[in-house]
Amino acid sequence: MNQKHSAQQGRIYFWRHCSPSQSYQDWHFSGTCRGCGNLISIFDELQYDRSDYRTLTLSTPTQKMMVPELRSNRKFSTAQRLRITMIREDQVSSVVYHEEESLLILSVNMTTLEDWRSALQYVIEDTGLYRLDMEADRVWLWPYPPSN
């Protein structure tokens, strides 16, 4: 679609620990209040404007954002860009990392999109750690700035 989208605001972070223990192998997310609020607006655009996808810039997470048990490892994977893609309800929501393109693709159906909206409110309200179970992946949403 060739329509004007609202500009990205705030910061959002997505990362995965390298060689983590079993309990930390999932994706991790955090963002500033402005970044999370903007992401909710982008979800609205995708849902109501029937856009196919949006590509956003990801900020690089800091060591303070890492899970305390893994800070000494200091190795994590992240991408420079996040592409959010709307998929049909009968398709599986997932997070796929394309390292060579430094692109993380978040594919969401309508159910998962609603789950993301709710989860982002936890980050905005700083109500603690939240785990989002998507069909193919789990994402841990951390408050920002991290309090651990």
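The values are calculated or read from the model by the stated rules, or taken from the named source; none is laboratory data. Here the structure is a predicted model, which is why all the values come from computation and not from measurement. Cβ: placed from backbone, ideal geometry, glycine included. Neighbour counts: every protein chain shown.
What to note about this one:
- For the stretch 43-61, filtering for residues that are assigned to a loop (DSSP other than H, G, I, E, B) and among the aliphatic types (A, V, I, L, M) leaves 1.
- Within the span defined as the stretch 59-80, one or more residues are modelled with pLDDT of 90 or more, loosely packed, with under 15 Cβ neighbours inside 10 Å, of a type outside the set (Val, Ile, Thr) and under 13 Å from the mean Cα position of the chain (by Cα).
- Going through (1) at pLDDT 90 or above; (2) buried (at least 16 other Cβ atoms within 10 Å of the Cβ) one by one, Met134 falls short only on (1).
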